[in-house]
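Accompanying notes for the structure given below.
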Amino acid sequence: MASTLEKFIHSLDPRALPRVLQIQSGIYFQGSIYEMFGNECCLSTGEVIKIIGFKINKLIASICENNEVSRFSAKVELPLNFPGLYKVVADKTPYVSIEEITRKVSIGPTRFGHPCFYSPEDIKLANLTIKHGEQITFNSVEKVNGTMAVNCGVVRNNQSHSFTLPLSQEGKFYECEDDQIYTLKEIAEWKIPKCRNRIVKLSNTLHTWDASNPLPENFDGCLILTPVYEVQAVMKFRKDIVHILSDLDVEVKDITDCYDISSFLQPLSLEDVFERTSKEFPMVAEIMEGPSGSQKPYNLLHIGKEIVIYKKYQATRVLASEIRSDSPKRHFLIPMSYKGKFKRRPREFPTAYDLEIARSEKEQLHVVATKAFDSPHKELFSVSVGDQFLVQQCQTSEVLYEGRKKVIDVLACERILSDTYKKVLLPMYMEGGFVEVIHDKKQYQLSEICKEFRLPFNVKVSVRDLSVEEDVVAAVPGLQFEEEITDSYLLISSTSSPVESWEIPVYRLNMSVHLLSRDVQTVVPPATKTMVEEISEEQYYMVRRYENQTLHPPPRPPKKPT
């Protein structure tokens, strides 16, 4: 049965990909050149294409009144980077099963991927009863005892209770009100269900308005958002991936079940390649879609280029951020093979507790107070701006509190006077401000810093890496090394001139290849080049989130007695 491309994509479950479609009719029935993102393709009646992916490209917005499109409202096009923060209005139409929710709603590992629902009736489980109206958080979808189910949770009396709901569970499930605010891009990626529109309310008024803004001046109402998808497809006789917008006026028919899907080229993402067994490497591949960027090796990875993929592996990087008080900060992943050198820069510590965390046996921590602190106990020291201290150790001390003796944690320090030192005690809960005094003038390699000091650690580049054409961190006035991370990489080189090989990140490079049935001429890779990778704010938080899933949070600092 034929349908418009728009209707087909809006109802398509990503888990059902790939799908083979045949063009039925439309304004392109005689065949026409269609251009999108620099790709030209001819969509004629009878043409067969394979859909391999789709994502929201832009949003069509209409002003909303009483949960309906205003009859005076014209539809406007909003790019995903359109400014403003928005609140999601809960959908009043219920879902009729857990299976429908998993098919239409994004559920994933980030905080955006934990939607909440409630049932108007009690749900009785083996060891728990979910009360009507109780907020249920959907955390993940996985197979439990051979049956697909959703891992859920409810919070009662500040305690979380976990349970699973099978996809076969039926009933009415309504969206809960969401008090979070989101960017338009976050809403597009996580908060627009399949086959449904999404109503949002502008949470903060746009700071600037000009005639190019498609929304009315001082608008603070609700919008109905309809997504327009960018469809990634493979055509029968092309070696690249074409991009088509879902609102193209074309009718299509799904012929997947009666078509030999293997007759198309099989595009593989870098994640797909990484999932191959180690025995399958090395392999030869041709690039179907290359990454953007002028930095090596990205500028070499263009469509049609043949590469050798030698192996997959995990490699260590140091996550570093630019030191600056305003935002946005720049973020970098620095390989251990970086050949530049670093000098230390002073660290800042907001509390005495942070001084204890940073204290090391290797050297004594010397700090200057940047904020005054009046101690409520005569046994403890009151700090003035400019006081200098050598940090000693954490210990306990008795103080008089409301006529009673009380034992609290304190930080023993030596206050530096003009010609002597005085032992003082600082309460561990003290909120002050300290800046480190650096006496160490040595230049360090990256591996030395990671071995000898505890991160986070402040540095600046003193000698740039001369082995690369452009050292992107050399011009940054100050860097904070935040943590060591382990990430996934592929080692590649060009088949035509294999003079050097490059590490490319698996999860941050938008690149597709198809494998060629050719033997690799040189099994041993040439000299490996690594590079400092500058990452976006979004990639920075993704890297930290995945890394910190296995780490326990640091203990909370002691509270001030009340």
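The values are calculated or read from the model by the stated rules, or taken from the named source; none is laboratory data. Being a predicted model, the structure only gives us computed values, none of them experimental. Quick reminder, even Gly has a Cβ in these numbers, built from the backbone with ideal geometry, and neighbours come from all protein chains shown. Please note that ligands, DNA and RNA were not included when accessible areas were found on the heavy atoms of the full protein model with its side chains. Shrake-Rupley method; radii C 1.70, N 1.55, O 1.52, S 1.80 Å.
Quick check on segment 414-432: of everything there that is in contact with a helix residue (DSSP H, G or I) (Cβ under 8 Å, 6 or more places away or on another chain) and farther than 12 Å from E379 by Cβ, which residue is surrounded by the fewest Cβ atoms within 10 Å (Cβ to Cβ)?
Step one: list which residues in segment 414-432 are in contact with a helix residue (DSSP H, G or I) (Cβ under 8 Å, 6 or more places away or on another chain), which gives 426-430, 432.
Checking which are farther than 12 Å from E379 by Cβ leaves us with 428-430, 432.
Values: M428: 22, Y429: 16, M430: 24, G432: 21.
Out of the qualifying residues, it is Y429.
Please name all residue pairs, on different chains or six or more residues apart, with Cβ atoms under 7 Å, provided the first residue is in segment 377-390 and is open to solvent by 20 Å² or more (accessible area, probe 1.4 Å) and the second residue is in a loop (DSSP other than H, G, I, E, B).
F381/S375; S382/D374; S382/S375; S384/A372; V385/T370; V385/K371; V385/A372; L390/Q364
Here's the yes/no breakdown for (1) in a strand (DSSP E or B); (2) in contact with a helix residue (DSSP H, G or I) (Cβ under 6 Å, 6 or more places away or on another chain); (3) not aromatic (F, W, Y):
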residue	(1), (2), (3)
S496	no, no, yes
I504	yes, no, yes
N510	no, no, yes
V513	yes, no, yes
V524	no, no, yes
E534	yes, no, yes
E538	no, no, yes
Y541	no, no, no
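In the set E170, E230, E189, E177, which member is within 25 Å of the chain's Cα centre (by Cα) and surrounded by fewer than 15 Cβ atoms within 10 Å (Cβ to Cβ)?
Working: E170 fails: within 25 Å of the chain's Cα centre (by Cα); E230 fails: surrounded by fewer than 15 Cβ atoms within 10 Å (Cβ to Cβ); E189 fails: surrounded by fewer than 15 Cβ atoms within 10 Å (Cβ to Cβ).
The match here is E177.
Give K362, K339 a once-over and let me know the one that is in contact with a helix residue (DSSP H, G or I) (Cβ under 7 Å, 6 or more places away or on another chain), at negative phi and open to solvent by 60 Å² or more (accessible area, probe 1.4 Å).
K362
Restricting to segment 96-151, what's the tally of residues that are part of a loop (DSSP other than H, G, I, E, B) and either closer than 24 Å to R544 by Cβ or more than 22 Å from the chain's Cα centre (by Cα) (or both)? Explain how you work it out, then say what you get.
Applying the first criterion (part of a loop (DSSP other than H, G, I, E, B)) to segment 96-151 yields 105-110, 114-115, 119-122, 125-128, 131-135, 145-146.
Narrowing the set further to residues that are either closer than 24 Å to R544 by Cβ or more than 22 Å from the chain's Cα centre (by Cα) (or both) leaves 106-110, 114-115, 119-122, 125-128, 131-135, 145-146.
Residues in segment 96-151 being part of a loop (DSSP other than H, G, I, E, B) and either closer than 24 Å to R544 by Cβ or more than 22 Å from the chain's Cα centre (by Cα) (or both): 22 in total.
Could you grab me the full set of residues in segment 101-120 that are under 19 Å from S168 (Cβ atoms) and either among the charged types (D, E, K, R) or without any contact (Cβ under 8 Å) to a residue 12 or more places away in the chain (or both)?
R103, K104
Is segment 351-363 home to any residue that is touching a residue at least 24 places away in the same chain (Cβ under 8 Å), over 30 Å from T396 (Cβ atoms) and within 30 Å of the chain's Cα centre (by Cα)?
no
Any residue at all in segment 491-501 that's at pLDDT 90 or above and closer than 21 Å to I357 by Cβ?
no
Suppose we keep only residues that are at pLDDT below 90 and of a type outside the set (D, E, K, R) within segment 445-456. Which one would you say is surrounded by the most Cβ atoms within 10 Å (Cβ to Cβ)?
F453
Within segment 308-323, can one find any residue that is out of contact with any strand residue (DSSP E or B) (no Cβ under 7 Å at 6 or more places or on another chain), more than 13 Å from K460 (Cβ to Cβ) and small (G, A, S)? If you could, list the steps in order and put the result at the bottom.
In the first step, residues of segment 308-323 are kept if they are out of contact with any strand residue (DSSP E or B) (no Cβ under 7 Å at 6 or more places or on another chain); the result is none.
There is no residue in segment 308-323 that is out of contact with any strand residue (DSSP E or B) (no Cβ under 7 Å at 6 or more places or on another chain), more than 13 Å from K460 (Cβ to Cβ) and small (G, A, S).
Considering each residue of segment 377-402, count those that are of a type in the set (G, A, S), assigned to a loop (DSSP other than H, G, I, E, B) and on the phi < 0 side of the Ramachandran plot, and give that number. So that I can check it myself, show each step before the final result.
Initially, segment 377-402 is screened for residues of a type in the set (G, A, S), giving 382, 384, 386, 397.
Right, trim to assigned to a loop (DSSP other than H, G, I, E, B) and you get 382, 384, 386.
With on the phi < 0 side of the Ramachandran plot added as a condition, the list becomes 382, 384.
Number of matching residues: 2.
Within segment 101-111, work out how many residues are open to solvent by less than 30 Å² (accessible area, probe 1.4 Å) and over 16 Å from K194 (Cα atoms). Walk me through it before giving the result.
If we filter segment 101-111 for residues that are open to solvent by less than 30 Å² (accessible area, probe 1.4 Å), which is where we start, we get 101-102, 105, 108, 110.
If we keep only those that are over 16 Å from K194 (Cα atoms) as well, we get 110.
Residues in segment 101-111 being open to solvent by less than 30 Å² (accessible area, probe 1.4 Å) and over 16 Å from K194 (Cα atoms): 1 in total.
Please go through (1) touching a Gly at 6+ places or on another chain (Cβ under 7 Å); (2) open to solvent by less than 30 Å² (accessible area, probe 1.4 Å) for I303 and return the number of the only condition it doesn't satisfy.
With (1) touching a Gly at 6+ places or on another chain (Cβ under 7 Å); (2) open to solvent by less than 30 Å² (accessible area, probe 1.4 Å) applied to I303, the lone miss is (2).
Scanning for something more than 23 Å from Y541 (Cβ to Cβ) and either touching a residue at least 60 places away in the same chain (Cβ under 8 Å) or touching an Asp or Glu at 6+ places or on another chain (Cβ under 9 Å) (or both), does segment 178-192 turn up at least one residue? Please lay out each step first, then the result.
Going residue by residue through segment 178-192, those that are more than 23 Å from Y541 (Cβ to Cβ) are none.
No, every residue in segment 178-192 fails to be more than 23 Å from Y541 (Cβ to Cβ) and either touching a residue at least 60 places away in the same chain (Cβ under 8 Å) or touching an Asp or Glu at 6+ places or on another chain (Cβ under 9 Å) (or both).
Has segment 433-440 got any residue that is without any contact (Cβ under 8 Å) to a residue 24 or more places away in the chain and open to solvent by 60 Å² or more (accessible area, probe 1.4 Å)?
Scanning segment 433-440 turns up no residue that is without any contact (Cβ under 8 Å) to a residue 24 or more places away in the chain and open to solvent by 60 Å² or more (accessible area, probe 1.4 Å).
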